[in-house]
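Heads up, the thing below is written out as structure tokens.
Here, each number is a calculation from the coordinates, and none is a lab measurement. Treat the numbers as computed from the prediction; the structure is a model and nothing was measured. Methodologically, a virtual Cβ is constructed for each residue, glycine included, from the backbone with ideal geometry; neighbour enumeration extends over all protein chains shown.
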Amino acid sequence: MIKINQTESFAFEDIVFCFALESEAAEVFKGHNVVFTGIGKVNAAYELTKAIQNKKPSVIINLGSAGSSSFQKGEVVCCTQFVQRDMDVRGLGFAQYETPLSSLPTVLKYGLLMDNLQEGICGTGDNFEMEHSSDAYNVVDMEAYALAMISMKEDIPFLCLKYISDGADDNAAEDWTVQVHKAAIAYGKLLGLI
């Protein structure tokens, strides 16, 4: 059983754990219902949709590495709001990050808040951000927005925890390579698997 907060707890067998990469889960999540989506929004959307078709879970938990210039490397941040940071159709009169002709808000607010964690706004895009400068989000990744949107549309609770692996700056690639392997251990301790 994983306790998210004072009102939300879920049995392990009812959870789908979503990671982009196997290195983010390591051996810690072996034996649990894990989906490795691959990198990027399209891969994440495809793999999660397949997993939901096989068995609709009680909760989807997205765990992975992310960059941030607001949080420290090694911290785990709970993201409850999501921005599609590479959606830019301002040339046609839409707001930055707005998905044109959809009912989706510019900032998607869908996610459980886990006790004792700082809350973040995740900017998801199909590029590895190394020059973070936006005030619209304070965590950057490449999958969470798609996973949150699908969870919302399927009416499945969603928890997004991001292990800060780099500063989303000019050292991001080198930092990520070193830090990504530490994510599984941090998640295992936080969720009571270690």
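Scanning the chain for cysteines with no neighbouring cysteine C-beta under 4.7 angstrom from their C-beta gives 18, 78. Computed per residue of the chain from DSSP H runs no shorter than four, each worth -39500 (n - 2.57), the mean residue ellipticity at 222 nm is -6000 deg cm²/dmol.
Run the reach check for residue 182 against lysines, Cα to Cα strictly under 19 Å, same-chain hits fewer than 8 apart removed. What comes back? Reachable lysines: 30, 73, 162.
Highest mean packing first, where packing is the average number of other Cβ atoms within 10 Å per residue, the peptides 98-104, 65-71, 160-166 line up as 160-166, 65-71, 98-104.
For the stretch 9-61, the set of trypsin sites (Lys or Arg not before Pro) satisfying both a DSSP loop assignment and a count of at most 15 other C-beta atoms within 10 Å is given as 30, 55.
Mind ordering 117-125, 15-23 by average Cβ neighbours within 10 Å, highest first?
117-125, 15-23
For residue 36 and residue 5, a Förster radius of 25 Å and the Cβ-Cβ distance give a FRET efficiency of 0.40, rounded to the nearest 0.05.
Computed on the Cα atoms alone, the convex hull of the stretch 5-123 gives a volume of 139 cubic angstrom per residue.
Taking a span of 15 Å or more along the helix axis (Cα atoms) and a mean Kyte-Doolittle hydropathy of at least 0.5 as the rule, no DSSP H helix of the chain qualifies.
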